[in-house]
1. Anyone know which of E86, E118, E18 comes out most mobile in the 10 Å Cα GNM of the chain?
2. If you take volume of the Cα convex hull per residue in Å³ from the coordinates, which of (i) 117; (ii) 175; (iii) 149 do you get?
3. Would you mind working out the accessible area per residue for segment 1-130, using a 1.4 Å probe, and quoting it in Å²?
4. Out of G24, G83, G137, any idea which swings most in a Gaussian network model of the chain, alpha carbons joined below 10 Å?
5. Which residue fluctuates most in the GNM of the chain (Cα springs below 10 Å): E54, E44, E76?
6. What does the charge add up to near V127, with Lys and Arg as +1, Asp and Glu as -1, over the other residues with Cβ less than 12 Å from its Cβ?
7. Normalized C-alpha radius of gyration of segment 64-158, against 2.2 N^0.38 Å?
8. Starting from the residue with the highest accessible area, list F147, F94, F70, F31 in decreasing order, probe 1.4 Å.
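The values are calculated or read from the model by the stated rules, or taken from the named source; none is laboratory data. This one's a predicted model, so the numbers in the text were calculated from it and none came from an experiment. Every residue, glycine among them, receives a Cβ derived from its backbone with ideal geometry; neighbour counts consider all protein chains shown. Just so you know, the surface numbers come from the protein's heavy atoms only, side chains and all, with ligands and any DNA or RNA stripped out. Shrake-Rupley method; radii C 1.70, N 1.55, O 1.52, S 1.80 Å.
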Amino acid sequence: SRVGASGRPGAVHLDNVEVFDTGGRGATITFVERGIGDVLVTFEAEVLNISAQEEGYETVVPEQSLLAEFPVAVVERVAEQKGTTEIARDYLNFLYSTEGQKIIASFNNRVHDEAVVEANADRFPEVELYEVDDVFGSWEEAQETHFASGGVLDELLRN
């Protein structure tokens, strides 16, 4: 699937997009398993997982991208109710330990531990990463502009 420019300057349309999945895994399933589309735009880990299991795909890594990290937190109220506060905190701390970072990297996710980053440098090409705040203003502004009712996503889906 492709996203192309329309006749309006700066406008984008989805006319050539056969399926507009709402998430990376769904898009991967549509592209790889269902064979729909000629380009998949998704998370780096999804692309690396495909490359490890399937042949015949060309991987293109952009020079620049948005930093997309998944938040992790202990929900204290729930952990206290279930009596799992200590193990939840231990797990959270483990995720950022060198051992945890090695496991996360083994599933094709970029990590922060410098030794693990260096050990996996051949799998993760250098990419200049921007935070949402750097490019789109605050998260609130990005949400309002792109995802709120009447935002850019709605416009794309209407056309």
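1. E86
2. Label of the calculated value: (ii).
3. Ligands and nucleic acids excluded, the result is 74 Å² per residue.
4. Of the options given, G83 has the highest mean-square fluctuation.
5. Looking only at E54, E44, E76, the biggest GNM fluctuation is shown by E76.
6. On the way: positive: R110; negative: E44, E63, E126, E128.
Counting the neighbours of V127, the net charge comes to -3.
7. So the Cα radius of gyration is 1.45 times the expected 2.2 N^0.38 Å.
8. So the residues, ranked largest to smallest area, are F70, F147, F94, F31.
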